[in-house]
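Beneath this line is the structure, given in structure tokens, with notes to follow.
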Amino acid sequence: MKPETAAFALFGALVLGVGIPWLGIRMLMPSLEKASKVKNYRGRDVFLGLGIVWLIWAGCAIVAGAGVSWLGPELAGSMVVALTLAGPFALVAFSLGAADDIYGTGDSRGFRGHLAALRRGRLTTGGMKLFGVSLAAFVVALVLSAISPWGVGVPISGGAALLGAVGLALVAGAAIALTSNLVNLTDLRPGRALKVYSVLALAGVFSAVLGLGPQATEFVEPGGEQATLVLDLVVLTIFLLGPVLAVWRYDVGEIAMLGDAGANPMGAVAGMFVVAGLPRWGLFLYLGLVLALNLVSERHSFSSVIAGNRVLSWLDGLGRELESCENAPPE
């Protein structure tokens with residue numbers, strides 16, 4: 001690989017993945033701070049609008065996917081496929097989350113609440129978000145089925161021991177959608193959703209790069225050279241953690257909240273990357289894990305579980321007190 005190609009890719013990741021989202025949030029803050037306030041878990045007034053970073057990021061991801069493809073087969077592996085899919089997917093999840101933030105009444109919560117409302121002939125904004133993200137996740141999974149380890153070589157319709165590409169895409173789509181909902185469920189304390197997303201995103205980077213690499217390169221550029229794995233890992237890590245850096249001090253410092261417009265696209269993007277490179281057995285295992293966590297949340301509070309575990313409680317509060325003190329109003 002030419003050194004200038006690698007340098008251009010790294011520069012692009014820093015500008016599009018970190019710089020523009022960070023600058024965008026900084027410039028939007030005066031306007032966002034004038035928006036209506038909501039009460040956080042401690043009763044403090046915070047504004048709801050940090051999720052807009054994902055609107056900015058989605059546009060940057062689309063540009064980055066096109067840019068990486070333009071650079072040629074040296075980079076047109078896991079990065080171009082992942083970023084090209086992640087941008088529109090994040091945009092859909094952001095839009096549905098924002099609609100729930102703006103128009104949601106909060107009278108129907110959780111799977112049971114949304115399904116109960118649907119049985120009564122009423123579609124809640126949360127239910128619309130649930131079905132919309134699930135449909136988008138299925139479409140993303142259908143595209144991934146052509147290049148992901150869990151879908152490569154599987155015929156479009158059934159098989160003796162396999163579900164077929166459509167069936168596997170349903171499984172993958174469900175896992176992605178459940179990840180989106182899971183991250184949203186953790187957005188109950190400052191910084192918690194950002195930390196959960198960061199862990200999932202890092203896992204997703206390794207999954208996508210190591211699992212998608214060979215198939216994605218052949219898919220984008222038949223006969224092309226394999227992408228440099230280290231460069232892919234670095235570029236995608238920078239790109240996926242950019243939104244976290246952009247909003248960290250505002251979320252952890254209890255100045256603003258992510259809301260569904262932020263938490264849902266975070267989980268959707270992280271889930272897509274995790275699922276992208278999994279083998280078939282790993283896909284089913286991951287689906288079982290996120291499904292179990294979502295079902296547990298229907299009966300048990302994650303906050304109570306975290307508060308009852310010393311290690312989880314320490315990790316949950318990491319950085320929160322420092323940022324809160326730095327951003328506290330003068331007495």
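Here the peptides 257-265, 26-34, 178-186, 95-103 are ranked by packing, the mean other Cβ count within 10 Å, and the order with the highest first is 257-265, 178-186, 95-103, 26-34.
Determine the shape class of the range 241-281: with a ≥ b ≥ c the square roots of the Cα gyration tensor eigenvalues, call it rounded for a/c under 1.5, and otherwise prolate if a/b is greater than b/c, oblate otherwise. Judged from the Cα gyration tensor, the range 241-281 comes out prolate (a/c at least 1.5, a/b above b/c). Working note: Karplus 6.51/-1.76/1.60 with θ = phi - 60° gives the range 277-284 the couplings x, 6, x, 4, 5, x, 4, 5 Hz, where Gly and Pro are set to x. The length gained by stretching the chain between K39 and V63 to full extension, at 0.36 nm per residue less their Cα-Cα distance, is 5.0 nm.
For the range 232-249, putting each phi into the Karplus relation 6.51 cos²θ - 1.76 cosθ + 1.60 with θ = phi - 60° gives couplings of 4, 4, 5, 5, 5, 4, 4, 5, 6, 8, x, x, 5, 5, 5, 10, 3, 5 Hz, in residue order, rounded to whole numbers and with x for Gly and Pro. Using the Cβ-Cβ distance between F131 and M27 with R0 set to 41 Å, the FRET efficiency works out to roughly 0.75. Applying 1/(1 + (r/R0)^6) with R0 = 22 Å to the Cβ-Cβ distance of V152 and L285 gives a FRET efficiency near 0.75.
For the pair F206 and I102, the difference between a 0.36 nm per residue extended length and the Cα-Cα distance amounts to 33.9 nm. Coupling constants for the range 177-186 follow from the phi torsions by the Karplus curve (6.51 cos²θ - 1.76 cosθ + 1.60, θ = phi - 60°), and in residue order they are 5, 5, 5, 4, 5, 4, 5, 4, 5, 8 Hz; glycine and proline get x.
Laboratory data are not the source of any read-out in this text; all were calculated from the coordinates shown. Just so you know, these numbers come straight off a predicted model, no measurement behind them. Backbone-built Cβ (ideal geometry, glycine too); neighbour counts: all protein chains shown.
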